[in-house]
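Notes follow once the structure below has been shown.
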Amino acid sequence: MATSVQAGMALIPRSPFVEGYGVPTKQFLRSAMGSELLVACRGARTSMSVAPASKNREVVKSSKGGQSETVRVGVLGASGYTGSEIIRLLATHPVFKVTMMTADRKAGQSLASVFPHLATQDLPNMVAVKDADFSQVDAVFCCLPHGTTQEIIAALPDYLKVVDLSADFRLRNTKTYEEWYNGPHRAPKLQTEAVYGLTELYRDEIRAARLVANPGCYPTSIQLPLIPLLKAGLIEKDNIIINANSGVSGAGRSAKEANLYTEICEGIHAYGITRHRHVPEIEQGLADTVGSDVTISFTPNLMPMSRGMMSTMFVEMQQGVTVDVLRNHLVERFSDDEFVVVLEKGIAPHTRHVRGSNYCLMNVFEDRIPGRAIIISVIDNLVKGASGQALQNLNLMMGCPEEAGLLQQPMFP
């Protein structure tokens, strides 16, 4: 028997521990670890085990002994942090296989020469974008810097599924993009096609999309708790104050004086005060929810750690609403979601408890100011805040299990 997890996909356990249909995805997948499963993905039925794959190659065998349908994946910008993180996550994916990688400054080199921690993977050498053969891929992760992505994606074949990790397609209003990113939008027609990829909130739209704009790290950690609470009318849209902290990897891998060890260690500092580029992205999502403009107070801080993000949100509750009502609503809203977890009452989320994983931990606390609440959420900025959510989105776009390649548990200590 099978438990239907999403449209076009079913997981059919060969062991008898699951009875009947309708088992929640989170409960089923945790129970299924170590069991042999029959996976239906993109019309192909294959046998697999719910366990990490040894290498990034065709690891899924059909029940008749042949190879399953493989989704060929290209990674543009493989020499950056988000590109390498996608490749790390794909090492355990049962269907996706990396067949093309680009890195203009590292063209001709192996990924192992740039990222030795991925030396065990069976991967092609990197090439320049201009030399990439897109006929050899079915889908693309675009991990290039903002401002460079629009023209490249616009030139890709129309049949390719694309998840863009830059900011180039997140803002629907191209004038807003030009204001905050200091340059013209070079693919305005393509912008109208892009779907915003906050997975847990926009699954249906993502499944049907050809181009998904992967959210920024701060917007992910902030919108996941705030949008459901605003949608339910439990908090006010005004006077939202957010203080957020990020690891240095959020600034990318390029050499910058401000990111040198001696500039970062033994201290923290605020940056982008009132002008951080994630502000319009956050305000766009909140405004869509309430149907009117929203203005937030947002201050990001750079922390002396490699990865991790914590967003602390101070909100005003609607009349008669309590902190318990907020927390219970989030518990119910995310009860069937694997990657968003509301902690037990009174437990504060820690960034160390999501390191290397696609999880978002959150909780709600009562403020000392009457009528206000404090919401804390934590993510790994490189995984749920970037590459993990990108993989989650492509899984949906290709009709594969949403959790495929993403069930690695956090690394601690």
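Once both labels are positioned 7 Å from their Cα atoms along Cα-to-Cβ, the gap between TYR261 and THR274 label points is 3.7 nm.
By accessible area, using a 1.4 Å probe on protein heavy atoms only, region 255-322 has 51% of its surface on carbon and sulfur. By definition, a body whose alpha carbon gyration tensor gives a ≥ b ≥ c is prolate when a/c is 1.5 or more and a/b is larger than b/c, and region 218-379 fits this prolate description. Ratio of Rg to Rh for region 292-348, alpha carbon only, Kirkwood? The Rg/Rh ratio comes out at 1.01. Solvent-accessible area of region 67-212 (1.4 angstrom probe, protein heavy atoms only): carbon and sulfur portion equals 49 percent.
Solvent exposure of PHE365, expressed as accessible area, is near 50 Å², computed with a probe of 1.4 Å over the protein chains only.
Can you list the trypsin sites (Lys or Arg not before Pro) in region 308-383 that are in a DSSP coil and have 11 or fewer other beta carbons within 10 angstrom?
Of the trypsin sites (Lys or Arg not before Pro), the ones in loops of region 308-383 whose Cβ has at most 11 other Cβ atoms within 10 Å are ARG368.
Normalised by the number of residues in region 218-379, the average gap of Cα pairs under 8 Å and 6 or more apart makes the relative contact order 29 percent. Rolling a 1.4 Å probe over the heavy atoms of the protein chains gives region 218-379 an accessible area of 46 Å² per residue.
Once divided by 2.2 N^0.38 Å, the Cα radius of gyration of region 73-192 becomes 1.09. When the chymotrypsin sites (Phe, Trp or Tyr not before Pro) in region 143-184 are filtered for DSSP coil states and for at most 12 other beta-carbon atoms within 10 Å of their beta-carbon, the remaining sites are TYR159.
Accessible surface of VAL341, taken over heavy atoms with a 1.4 Å probe and every protein chain present, rounds to 40 Å².
The values are calculated or read from the model by the stated rules, or taken from the named source; none is laboratory data. Just so we're clear, the structure is a prediction, and the values are computed from it rather than from any experiment. Cβ sites come from the backbone with ideal geometry, for glycine too, and all protein chains shown count toward neighbours. Just the protein is used for accessible areas: all its heavy atoms, side chains included, with ligands, DNA and RNA removed. Shrake-Rupley method; radii C 1.70, N 1.55, O 1.52, S 1.80 Å.
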